[in-house]
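Q: Let me give you the structure first, and then I'll get to my questions.
The values are calculated or read from the model by the stated rules, or taken from the named source; none is laboratory data. Bear in mind the structure is a predicted one, so any value in this text is a computation, not a measurement. Cβ atoms come from the backbone with ideal geometry, glycine included; neighbour counts cover every protein chain shown. The area values use the complete protein model at the heavy-atom level, side chains included, leaving out ligands, DNA and RNA. Shrake-Rupley method; radii C 1.70, N 1.55, O 1.52, S 1.80 Å.
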Amino acid sequence: MMMLYAVAAADADHAAATDDTSLQAHRYDDVTVFAEPLTDTPERSTREVLAFGRVLQQLWSHHPVLPVRFGTIVSDETELAQLVAERESAWTERLTAVAGRSEIIVHLPLPSDAAPDPEPDEPVESGAAYLRRRAAEVRRHDLETAELKAVLAPYASETAVLPQVRTGEARLSALVPDELVETARAAVEKWATNWSWATVTGPWPPFSFCQETEA
Amino acid sequence: MTGTRSPALDETSLIDLVDRLIEGGVVVGGDLVLSLAGVDLVYVGLRLVIAPAHKVELPGTGRTR
């Protein structure tokens, strides 16, 4: 069996891109799939995931790639060929969409569910007051997200809302041209001074844009 | 394309990287969870994909600005 790392254009070569000598390039008409032969299933450890990520980033530093989710395994070349036959056209389109672009991820505060600490002589918050406060916070967050998308619009060809990974934080991902990553980051950080805070990570391979998303 | 594409791996970046490695990217899909050698797998025809529900331990998750 083999673990898949990334899909790249048909002429992509990994020899100069990575020091992982076990990586193999499987070439098809329109795409190349980088994969590693395995005798055992990969460990479910942070170390293994990060080692996978390191090779992936080395590949990405040389070619536009579609990263494959960690742990995706095919049993043999026949399985891989079948998988490619089903998806080659879609992968080729996405490779074109992500070429020369990087993913950045913006972290934003989510509306708080907890009431602020009352002043000593302040009555306990009523149910109606709680609902009004929550509605106002959700509206504020929606406005914040809309504003952030507007800030990113001059740079991002696509955006995606990502699942929450930390309590109290929302994440918005954007696909931006490589040469505009720092400009987009600066624009977000400047915009965030009007709100509470925002953190930008990346540039990353286009993890969140392997399928078509909203513009 | 090299050089500017290596973000500093502070805590927030590390969380994003690990999350995207195991939850993002090309997803082949699956329909039946199996367990093999202690690893949850999804069986798809002859295809084996580690289940999206699988988790890896993450370093501490305090917020950074």
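Q: Taking the condition surrounded by fewer than 14 Cβ atoms within 10 Å (Cβ to Cβ) and within 14 Å of residue B:20 (Cβ to Cβ), does residue A:203 pass?
A: Criteria not met by residue A:203.
Q: How about the range A:180-199: which of its residues are modelled with pLDDT of 90 or more and within 9 Å of chain B (Cβ to nearest Cβ)?
A: Of everything in the range A:180-199, those that are modelled with pLDDT of 90 or more and within 9 Å of chain B (Cβ to nearest Cβ) turn out to be A:181, A:182, A:199.
Q: Does residue A:69 satisfy being within 11 Å of another protein chain (Cβ to nearest Cβ) and without any contact (Cβ under 8 Å) to a residue 40 or more places away in the chain?
A: Answer is yes for this residue.
Q: Could you check residue A:62 against (1) crowded, with 18+ Cβ neighbours inside 10 Å; (2) in contact with a Ser or Thr (Cβ under 8 Å, 6 or more places away or on another chain) and say which number it fails?
A: If we test residue A:62 against (1) crowded, with 18+ Cβ neighbours inside 10 Å; (2) in contact with a Ser or Thr (Cβ under 8 Å, 6 or more places away or on another chain), just (1) comes out false.
Q: Of all the residues that make up the range A:179-197, how many are exposed (fewer than 15 other Cβ atoms within 10 Å of the Cβ), closer than 13 Å to residue A:144 by Cα and of a type in the set (Gly, Ala, Ser)?
A: Number of matching residues: 1.
Each row is one residue, and each column tells you yes or no for (1) closer than 14 Å to residue B:24 by Cβ; (2) among the hydrophobic types (A, V, I, L, M, F, W, C).
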site: A:155; (1), (2): no, no
site: A:161; (1), (2): yes, yes
site: A:164; (1), (2): no, no
site: A:178; (1), (2): no, no
site: A:182; (1), (2): no, no
site: A:198; (1), (2): no, yes
site: A:211; (1), (2): yes, no
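Q: If you go through the range A:140-147 one residue at a time, do you hit one that is open to solvent by less than 20 Å² (accessible area, probe 1.4 Å), over 19 Å from the mean Cα position of the chain (by Cα) and modelled with pLDDT of 80 or more?
A: Looking for residues that are open to solvent by less than 20 Å² (accessible area, probe 1.4 Å), over 19 Å from the mean Cα position of the chain (by Cα) and modelled with pLDDT of 80 or more, one finds at least one in the range A:140-147, hence yes.
Q: Next question. Kindly indicate whether residue A:161 is under 15 Å from residue A:103 (Cβ atoms) and open to solvent by 50 Å² or more (accessible area, probe 1.4 Å).
A: Against the criterion (under 15 Å from residue A:103 (Cβ atoms) and open to solvent by 50 Å² or more (accessible area, probe 1.4 Å)), residue A:161 qualifies.
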